[in-house]
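The values are calculated or read from the model by the stated rules, or taken from the named source; none is laboratory data. Not measured: the values here are computed from a predicted model. A quick note on method: Cβ atoms are made from the backbone with ideal geometry, for glycine too, and the neighbour counts reach across all protein chains shown. Keep in mind that these areas ignore ligands, DNA and RNA; they rest on the heavy atoms of the full protein, side chains included. Shrake-Rupley method; radii C 1.70, N 1.55, O 1.52, S 1.80 Å.
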Amino acid sequence: GSVTWRTYRTWAGAAGWRAALPAVCLMVGGQACATASLLYLPYWGSLPAEEQAAPRHSWLCAGLLLAAVLFAVVRSQLFFHIAVTASDKLHRCALQRLLRAPMVFYDSNPSGRLLNRFSKDIEFCDSMLPQTFHDTMQCVLMVTASVGLCIALAPWALIALPPLLCYFRWHLEA
């Protein structure tokens with residue numbers, strides 16, 4: 001099955017938007033540093049040979065890549081904290097709703113089925129949802145950065161973007 005954006009919003013809301021928003025900003029910052037280093041390489045390569053040998057260029061490139069790594073480390077730590085917080089809140093909410101269910105619900109469902117379903121849902125919230133959310137955000141940012149990099153280096157590539165977007169949209173719906 002597919003995970004809807006509503007599920008991601010609920011999960012991020014359980015984690016707290018005050019924590020989820022900085023994590024997304026850290027993802028954007030890390031991707032921006034990595035993309036900036038890729039944009040700097042063609043400029044560096046276009047300089048005269050004497051100027052290319054200047055150490056400031058390698059230090060700038062290394063600094064951008066180090067910043068991207070630092071963004072990734074901080075983002076991972078924050079994301080782990082967010083995942084634990086969201087999991088705890090969703091577990092408490094699900095358990096509270098299960099315990100407040102009417103007695104007819106317990107009479108019509110065997111305890112093994114309830115326990116199996118509850119543990120499966122909690123396992124999904126604990127392991128699969130955070131990983132899927134992280135991977136989805138990372139892919140969206142990487143695709144956005146790649147398209148932006150292509151447009152920055154070859155602006156005529158912008159002509160092919162609308163037909164490609166229509167094709168991918170049609171392909172996803174099929």
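So the check is Cβ under 8 Å with 6+ separation or different chains; which pairs have a first residue in region 103-121 that's acidic (Asp, Glu) and a second one that's open to solvent by less than 80 Å² (accessible area, probe 1.4 Å) and assigned to a helix (DSSP H, G or I)?
Filtered contacts from region 103-121: Asp121/Ala94.
State which residue is nearest to Tyr40 (Cα to Cα) when the search covers only region 153-167 and only residues that are aliphatic (A, V, I, L, M) and in a helix (DSSP H, G or I).
Leu153
Within the bounds of region 104-124, is there any residue that is open to solvent by less than 90 Å² (accessible area, probe 1.4 Å), closer than 28 Å to Cys25 by Cα and of a type in the set (Ser, Thr, Tyr)?
Looking through region 104-124, none of the residues is open to solvent by less than 90 Å² (accessible area, probe 1.4 Å), closer than 28 Å to Cys25 by Cα and of a type in the set (Ser, Thr, Tyr).
I need every pair where a residue in region 47-73 that is under 15 Å from Ala36 (Cα atoms) has its Cβ under 7 Å from the Cβ of a residue that is hydroxyl-bearing (Ser, Thr, Tyr), sequence separation at least 6 or different chains.
Partner pairs satisfying both residue conditions: Leu60/Tyr40; Cys61/Ser37; Cys61/Tyr40; Leu64/Ser37; Leu64/Tyr40; Leu65/Ser37.
Counting only residues that are free of Cβ contacts under 8 Å to residues at least 60 places away in the same chain and under 10 Å from the mean Cα position of the chain (by Cα), which one in region 131-173 is farthest from Cys25 (Cα to Cα)?
Gln131
Could you please find all residues in region 1-31 being in contact (Cβ under 8 Å) with a residue 24 or more places away in the chain, under 18 Å from Leu78 (Cβ atoms) and of a type in the set (A, V, I, L, M, F, W, C)?
Of everything in region 1-31, those that are in contact (Cβ under 8 Å) with a residue 24 or more places away in the chain, under 18 Å from Leu78 (Cβ atoms) and of a type in the set (A, V, I, L, M, F, W, C) turn out to be Trp11, Ala12, Ala14, Ala15, Ala19, Ala20, Ala23, Val24, Leu26, Met27, Val28.
Out of Leu129, Leu95, Leu26, Leu78, which single residue is open to solvent by less than 80 Å² (accessible area, probe 1.4 Å), part of a helix (DSSP H, G or I) and over 30 Å from Met142 (Cβ atoms)?
Criteria check complete, one pass: Leu95.
Sort through Tyr8, Tyr40 and tell me the only one that's open to solvent by 30 Å² or more (accessible area, probe 1.4 Å) and on the phi < 0 side of the Ramachandran plot.
That would be Tyr40, the only listed residue that is open to solvent by 30 Å² or more (accessible area, probe 1.4 Å) and on the phi < 0 side of the Ramachandran plot.
Conditions: (1) surrounded by 15 or more Cβ atoms within 10 Å (Cβ to Cβ); (2) among the aliphatic types (A, V, I, L, M); (3) at pLDDT 90 or above. Val73 meets all but one. Number of the miss?
Val73 satisfies all of (1) surrounded by 15 or more Cβ atoms within 10 Å (Cβ to Cβ); (2) among the aliphatic types (A, V, I, L, M); (3) at pLDDT 90 or above except (1).
So which residues in region 98-114 are of a type in the set (A, V, I, L, M, F, W, C) and part of a helix (DSSP H, G or I)?
Correct list: Leu98, Leu99, Met103, Val104, Phe105, Leu114.
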